[in-house]
Amino acid sequence: MGARGQLTREAILATARVRAAGFGLHGLSIGALAKALDMSKSGLYAHFASKEALQLAVIDTAAAQFTDEVVTPALKTARGEARVRAVFDGWCAWLMRQETPGCLFIAAASELDDQPGPVRDHVVGHQRDLIDFLERVVGTATANGDFRADLDLAQFAFELHGLILAFHHDTRLLVDSNARERVQRGFDRLVADANAA
C-alpha cells in the first residue's frame, strides 16, 4: 500500500472509531462511513474487504491509541507504585480528553457481551491483555516493596478496572463534575490498602 493509500486507510479508521464509540461496532455502516468520508462504497471496500474486517481494524486502532497515550508513557515511569499511579492518571486523562462519544472498549463490552463471534473475541483478547498488563504493573510494585507481599494482584486489577468503569459512567452518562475527585479517592484507598502491613 502506498503512502496515499495508507493515509486514506488511517482517515477511514479515525472516522470509524468515532462512529463506533457513539453508535457501536454493529452500527458501523459501510454506506454511512463512505458518505461521511466522501468516498464510494467500493473505494472503502478496497481498504476493508468486509464490515467485520473494518470492525477488527477499528478495535486494533483504539488499542494502539490507548497503548501510545497511556501504556507507553506509564512504562517510562519508575517501577513500583509510581508506575501504578502513572497508569491510573494516564487512563483517567485519556478518558477525559477523548474526542469520541466515549470509550470504544467500554461501549463494545456492553454491545458484544452476549454476542459470540470474531469481533467479540477480538475485544475480549484486548481486554484480557489490559488486565494482564495491570497485574504485571501492580506486581512490580509488590516486587519493589512498595506494596505488601501478599497483595492479590488480580483483585487489585479488578478493583482498579472497576473504578475506571465507574469514572467513565459518571463522567459520560451522568456528567458528574465530581467524578474525577471521586475516582481519585477510590484509587487512593485502593493504594493505601495495598500499602497496609
Return the residues of region 75-100 that are touching a helix residue (DSSP H, G or I) at 6+ places or on another chain (Cβ under 7 Å), over 29 Å from Q6 (Cα atoms) and part of a helix (DSSP H, G or I); say none if nothing qualifies.
E81, R83, V84, A86, V87, F88, C92
Residues that are buried (at least 17 other Cβ atoms within 10 Å of the Cβ) and among the charged types (D, E, K, R), drawn from region 166-183
D170, R172
On the basis of being surrounded by 14 or more Cβ atoms within 10 Å (Cβ to Cβ) and closer than 23 Å to G24 by Cα, does L163 make the cut?
yes
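Here is a check on your reading of the model: is D68 closer than 23 Å to R19 by Cβ and not in a helix (DSSP H, G or I)?
Numbers: closer than 23 Å to R19 by Cβ: yes; not in a helix (DSSP H, G or I): no.
In short, no.
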Based on what the data block shows, is T142 more than 30 Å from V18 (Cβ to Cβ) and among the hydroxyl-bearing types (S, T, Y)?
yes
Out of (1) at pLDDT below 95; (2) farther than 19 Å from F187 by Cα, the odd one out for H168 is which?
(2)
Given the condition more than 30 Å from D146 (Cα to Cα), outside any helix (DSSP H, G or I), in contact with a helix residue (DSSP H, G or I) (Cβ under 8 Å, 6 or more places away or on another chain) and among the charged types (D, E, K, R), answer yes or no: does some residue in region 47-61 qualify?
no
Name the residue that is surrounded by the most Cβ atoms within 10 Å (Cβ to Cβ), counting only residues in region 63-84 that are under 11 Å from the mean Cα position of the chain (by Cα) and closer than 17 Å to H161 by Cβ.
V70
Of the residues that make up region 23-36, is at least one among the hydrophobic types (A, V, I, L, M, F, W, C), over 30 Å from G145 (Cα atoms) and within 13 Å of the chain's Cα centre (by Cα)?
no
V58 being on the phi < 0 side of the Ramachandran plot, crowded, with 16+ Cβ neighbours inside 10 Å and out of contact with any Gly (no Cβ under 6 Å at 6 or more places or on another chain)
yes
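The values are calculated or read from the model by the stated rules, or taken from the named source; none is laboratory data. This structure is a prediction, so every number in the text was calculated from the model and none was measured. Glycine also receives a Cβ, built like all others from the backbone with ideal geometry; neighbour counts cover every protein chain displayed.
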